[in-house]
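The values are calculated or read from the model by the stated rules, or taken from the named source; none is laboratory data. Every value quoted in this text rests on a predicted model; they were computed, and no experiment measured them. Here Cβ is always computed from backbone atoms with ideal geometry, including for glycine, and neighbour counts include all displayed protein chains. Each accessible area value is taken on the protein alone, full model and side chains, heavy atoms only, with ligands, DNA and RNA left out. Shrake-Rupley method; radii C 1.70, N 1.55, O 1.52, S 1.80 Å.
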Amino acid sequence: QVLLVESGGGLVQPGGSQRLSCVASGRIFRIDDMRWYRQAPGKERELVATITSGGRTNYADPVKGRFTISRDNAKNTMYLQMNSLKPEDTAVYYCNAAIATMRFFSSSDYWGQGTQVTVSS
């Protein structure tokens, strides 16, 4: 019923920039918090950034000052602008959103399939 699709991953050099997008589609009545997670090889998935429906943001310490999360509610789309990328940012990045599919329904968590970001020279 609901699909999240990430795009924008790829190979980037250290110090470079990359912009990820996540589009939600399907039966959507309301989108609450949206988040970006990442998972590096051999590590647990970690929360990178959160944005509320009202636009409040929060970031994990390793990305503060370098990453910017944003959303376009009219397009059901979330973005992650990543600057000053480091090799340790290499990971699969996942989109997560709390979505209600009907009026008066509580929201449920949905996940995208992930997009690979590789920071390497």
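General observations
- Enumeration of residues in segment 66-76 that are farther than 18 Å from Gly114 by Cα, outside any strand (DSSP E or B) and open to solvent by less than 60 Å² (accessible area, probe 1.4 Å): Arg66
- Filter result (farther than 21 Å from Ser53 by Cβ and hydroxyl-bearing (Ser, Thr, Tyr)) within segment 1-31: Ser7, Ser17
- Count of segment 31-59 residues which are within 11 Å of the chain's Cα centre (by Cα) and free of Cβ contacts under 8 Å to residues at least 24 places away in the same chain: 2
- Segment 77-121 - residue that is farther than 15 Å from Arg35 by Cβ and free of Cβ contacts under 8 Å to residues at least 60 places away in the same chain and, of those, least open to solvent (accessible area, probe 1.4 Å): Asp89
- Residue count for segment 44-65, restricted to those that are surrounded by 13 or more Cβ atoms within 10 Å (Cβ to Cβ) and out of contact with any strand residue (DSSP E or B) (no Cβ under 7 Å at 6 or more places or on another chain): 1.
- Some residue of segment 88-99 being assigned to a loop (DSSP other than H, G, I, E, B) and in contact with a Lys or Arg (Cβ under 7 Å, 6 or more places away or on another chain): no
- Yes/no for Ser25 being in contact with a Lys or Arg (Cβ under 9 Å, 6 or more places away or on another chain), surrounded by fewer than 17 Cβ atoms within 10 Å (Cβ to Cβ) and farther than 14 Å from Val117 by Cβ: no
- Residue check, Pro41 farther than 28 Å from Gln1 by Cα, open to solvent by 70 Å² or more (accessible area, probe 1.4 Å), modelled with pLDDT under 95 and outside any strand (DSSP E or B): yes
- Scanning segment 4-30 for residues that are outside any loop (DSSP other than H, G, I, E, B) and under 14 Å from the mean Cα position of the chain (by Cα) turns up Leu4, Val5, Glu6, Ser7, Gln18, Arg19, Leu20, Ser21, Cys22, Val23, Ala24.
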